[in-house]
Structures are given as structure tokens and as C-alpha cells.
């Protein structure tokens, strides 16, 4: 038979249970306090660590995802006009510098070359004629000088004849007064005198004419000498000009083959067979993907420590974050994009709102990275610049 529980035992049991509850509550409070202390310590440690990282490490990096691939695209234009005979490339084709892209009909260029060759031959023959004329004109000057000397001798002979005719006439005039000379003989003497005077005048005129001919020949010789002075047939200006036109014709003939100016990928091809193109008209463009760069548009507040030569790390949406491109800052743009817009923003208004501007930063990419992971113009990039140095 069970022994009945007394009131004192019940009170003792209640006290035991109560004391156990108090101790359990105390333990919970102590545990809660420790957890709060650990949480506070963890938050403080995380905050301090973040602050230290941001102050000493993170603050030296500036990052933007407003970055795009660019390249110095080369535009292919013909230097001579003509109908298109053949087009050898299409969009997306990879070409090397010097590859033939378009062939123009060269019929006109060949004819122009033949005309230039003929013109050069004519110029050489004409200049050889100048040199030959020098010798002929010198001979003419000598001949006219001899004629002038002969005319002087003729004058001396005519003067002598006139002097003798004058003496004969005067002698017969004296004798005619005494009747010793007939009238016919006197008339003959007078005629001889007049003929001697005419001969003297003719000799003097011949001398003047010979002198004038000699001066004219000298002038012609000097004028011809100007065309040949200090030159040869090959260095004469007329021959040099004709040769230059021939060289130009050869160059124009070579330009009927339109070649790639750089290595790259063909884009925006806008030429077809049979089309007649004009010099300077755009036919296509070539993108040098091996020399691509990135224009990263950083906020103006991020550019305080950004300078040329600093290293950069970039990732593309094309390859993902696993592929990192190495780069180097090569320069900052001279102005923001809004400054060079077709219609620039006018901030001198009453309802002006300040907008943080972005400035393009040019980043050159490592050629090795580009060779292993080619990029295309316009692709999105994420750029991070290390401003430590």
C-alpha cells in the first residue's frame, strides 16, 4: 500500500522545480547575451573589415559597365573612277593588307597610259630638236657675220669706184668746156658716176641688212638656248613633265585594283559589279579587330585618380567573367559625349537640373588577349581601372 504524500513533500518538490526553472531561465539569458555579443562582434568585425578593404584596397579601383569596344575603322575608297569589273570580298570576310578587294575596268587607264607614252616620245624628240637648233643657229650667226664683213668690203669697193668715177667726170667736164671731149663721152662719165653712187648706197644697205640678220640670228639662238640651258634631253622640263604624266598614268592603271589598306574584317560593303564608282566614294569599311580598344564612360566623380598608363582589367558579355582582358589607359577624351552632341545641352536655363556627366576613357587592350579572344566593334564590356599608380 502506497505511502501518502504529505504537504511538506509537495512544497519541497515545487521548490525544486521552481529553482530548476530559475536556473534554466538564467542560462537562457546568459546564452542570449553571449549570442548578442557574438553578433555585435561579428557585425563590428565585418564593418571594420569592409571599411579597411574599402579604404586601403577597394578605393583604388574604379569600375563601370558603360564601356564598349571600338576600333580605328578604315574606309575603302577608289582613287580613280570607273565601272566595277569584279568584287572579291563580302561582309565578314577577313582580309590582309594588300589583298585585292575590287577590280575596276582598266580600258580607259590603258589608253591613257599609251597616250602618255606617246607624249613622252614626242617631248624627247622635240627637245633633241632644241639641241640640234643650237648648232644650226650658231652657224647662221657666223654666216650673217661673214655677210656683214662682205658687205663692208663691198662698201669699200663701191667708195673706190665712186671716187674714180667722180675724178673722171670732173676731168671731162673741164675738157668739155674747151671742146676737147665730146658730149657723148661726158654723158657716159656722168652715168658712170651715178652708177657708182647707186652701187655705194646698195652696198651700205646690204651691210645694214647683214647686221640686222646677224642680230636676229643671235636673238633666235639665245631664245633657243634658254630651252636647253643647264639641261640634258632627260632633265629638260618638257621631258620631265611628260614623264610625270606617264608615271601618273601608270599609277592610275595600278589603282584600278583596289586593295585593302589594313588587316581586318570587311563591314558595310556597298559596291556591286557593273556599278560605276567615282573617286572618293565609299565602297566598304575594314575593322582592324587585332587593334581594337575600349572606350569606358566613367562618371566624372570616378576620374579623380585616373591617369594615362594605369592598368585595367576588362570582361565582356561575349565571353563572360571567366575571360579577363588586360588593358592600359592611353588617354581621356577632351570632352563629354553631351558636349559633342548634334544639339548640345543648354544649361543656362531656369529649370536646370544637375546630371552627373560621363567622360570616355580610352583603354588599349593586350594584343595577346585579343588574338586568343577576338572582339567586335560595339560589344559591351565591364572595365575596372587600378588607380594605385
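Once the Cβ-Cβ distance of residue 234 and residue 111 is raised to the sixth power relative to R0 = 35 Å, the FRET efficiency obtained is 0.85. Spin-label model, residue 171 to residue 103: label points 7 Å out along the Cα-to-beta-carbon direction sit 10.3 nm apart. With a Förster radius of 25 Å applied to the beta-carbon distance between residue 241 and residue 132, the computed FRET efficiency rounds to 0.75.
What list do you get for 149, 161 if you sort them by fewest beta carbons within 10 Å? Numbers along the way, then the final one.
Details: 149 12, 161 18.
Least crowded to most crowded, the residues run 149, 161.
Here the label points at residue 216 and residue 73, each 7 Å from Cα along the C-beta direction, are separated by 7.2 nm in the simple model.
If the convex hull of the alpha-carbon atoms of the chain is projected onto planes in all directions, what is the mean projected area in square nanometres? Please list the in-between numbers first.
Details: hull surface 223.0 nm².
Answer in nm², one decimal: 55.8.
The helix-only estimate of mean residue ellipticity at 222 nm for the chain, built from DSSP H runs of length n ≥ 4 each weighted as -39500 (n - 2.57), is -18000 deg cm²/dmol after division by the residue total.
Distance between the modelled labels on residue 24 and residue 202, one decimal in nanometres: 17.0 nm (7 Å Cα→Cβ projection). Stretched out straight at 0.36 nm per residue, the stretch from residue 145 to residue 279 would grow longer than its current Cα-Cα span by 42.2 nm. Taking the longest Cα principal axis of the chain as reference, the axis of helix 183-228 is set at about 10 degrees. Ordered by the count of other Cβ atoms within 10 Å of each Cβ, fewest first, 228, 107, 304 give 304, 107, 228.
For the residues 314, 359, 35, a GNM of the chain with alpha-carbon springs under 10 Å puts the largest fluctuation on 35. When Rg and Dmax are taken over the Cα atoms of segment 108-251, they come to 29.9, 101 Å. Residues within the reach of a label modelled at residue 195 (point 7 angstrom out along Cα to beta-carbon, backbone nitrogen below 18 Å), restricted to segment 138-175, are 155, 157-173. With R₀ set to 45 Å, the beta-carbon distance separating residue 45 from residue 339 gives a calculated FRET efficiency near 0.45.
Each value in this text was obtained by applying a stated rule to the coordinates, not by laboratory testing. Remember, it's a predicted structure, so these values are computed and weren't measured experimentally. All Cβ positions, even for glycine, are placed from backbone atoms using ideal geometry, and neighbour counts span all protein chains on display.
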